[in-house]
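There's a structure below that I have some questions on.
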Amino acid sequence: MKWCQNVYVTDDVADKKRKILHRLRAGKLQFNIYVIILPLGDDGIMEIYPSYIFLQKIYKRQPLYVIGLASGRESAYELAGKIALECYSKNKDFDIRKFIRERQGGLS
């Protein structure tokens, strides 16, 4: 699991960002934390998952790239909308992967 340098976060998790990312990587259970990732396939813009999904073995082998963290499902949807609007206002399209690459100076 990788994440962009400037992960988007909601206000209620901003001060806990490092701890949440550390717990995600360590495979610790976190309640009410939602993760926004780049799509696993070629279809879609972003994917939103509750963090406990990543405790499953199948996700440990997937190339996951975290772009956002939120507390609660509704907050995650709002944050994904904010990311999409920012992408569209800058590039006039919804190519989130390209937008994140430009914003970060490349995907690691």
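The values are calculated or read from the model by the stated rules, or taken from the named source; none is laboratory data. The structure presented is a predicted model; accordingly, all values stated were derived computationally and were not measured. Glycine gets a Cβ as well: all are built from the backbone with ideal geometry, and neighbour counts include every protein chain shown. With ligands, DNA and RNA removed, areas are computed over all heavy atoms of the protein, side chains included. Shrake-Rupley method; radii C 1.70, N 1.55, O 1.52, S 1.80 Å.
Residue-by-condition table, conditions (1) surrounded by 13 or more Cβ atoms within 10 Å (Cβ to Cβ); (2) part of a strand (DSSP E or B); (3) at pLDDT below 90:
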site: Arg18; (1), (2), (3): no, no, no
site: Arg23; (1), (2), (3): yes, no, no
site: Gln30; (1), (2), (3): yes, no, no
site: Gly44; (1), (2), (3): no, no, yes
site: Val66; (1), (2), (3): yes, yes, no
site: Glu86; (1), (2), (3): yes, no, no
site: Phe99; (1), (2), (3): yes, no, yes
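Related question: Read through the list (1) farther than 16 Å from Leu24 by Cβ; (2) touching a residue at least 60 places away in the same chain (Cβ under 8 Å), then give the number of the only condition that Val66 fails.
(1) is the only condition that Val66 fails.
On to the next question. Quick one: how many residues across the range 32-42 are outside any loop (DSSP other than H, G, I, E, B) and within 15 Å of Lys98 (Cα to Cα)?
Adding up the residues that qualify gives 1.
When the residues of the range 73-83 are narrowed to those that are at pLDDT 95 or above and surrounded by 14 or more Cβ atoms within 10 Å (Cβ to Cβ), which ends up nearest to Ile53 (Cα to Cα)?
Ala76
OK, next. Which of the numbered conditions does Lys90 fail, given that it passes all the others? Conditions: (1) on the phi > 0 side of the Ramachandran plot; (2) touching a helix residue (DSSP H, G or I) at 6+ places or on another chain (Cβ under 9 Å); (3) open to solvent by 90 Å² or more (accessible area, probe 1.4 Å).
(1)
From the residues in the range 48-62 that are at pLDDT 85 or above and open to solvent by 40 Å² or more (accessible area, probe 1.4 Å), which one is nearest to Ile100 (Cα to Cα)?
The selected residue is Ile48.
Another question about this same structure. List every residue pair whose Cβ atoms lie under 6 Å apart, where the two residues are 6 or more positions apart in sequence or sit on different chains, the first residue falls within the range 76-87 and is over 15 Å from Val35 (Cα atoms) and free of Cβ contacts under 8 Å to residues at least 60 places away in the same chain, and the second residue, located anywhere, is among the β-branched types (Val, Ile, Thr) and surrounded by 21 or more Cβ atoms within 10 Å (Cβ to Cβ).
Here the result reads Cys87/Ile96, each pair linking the range 76-87 to a residue that is among the β-branched types (Val, Ile, Thr) and surrounded by 21 or more Cβ atoms within 10 Å (Cβ to Cβ).
For the range 1-16, name all the residues that are over 20 Å from Pro63 (Cβ atoms) and not in a helix (DSSP H, G or I).
Val9, Thr10
Separate question: Ala26: aliphatic (A, V, I, L, M) and closer than 22 Å to Pro63 by Cβ, yes or no?
Yes, satisfied.
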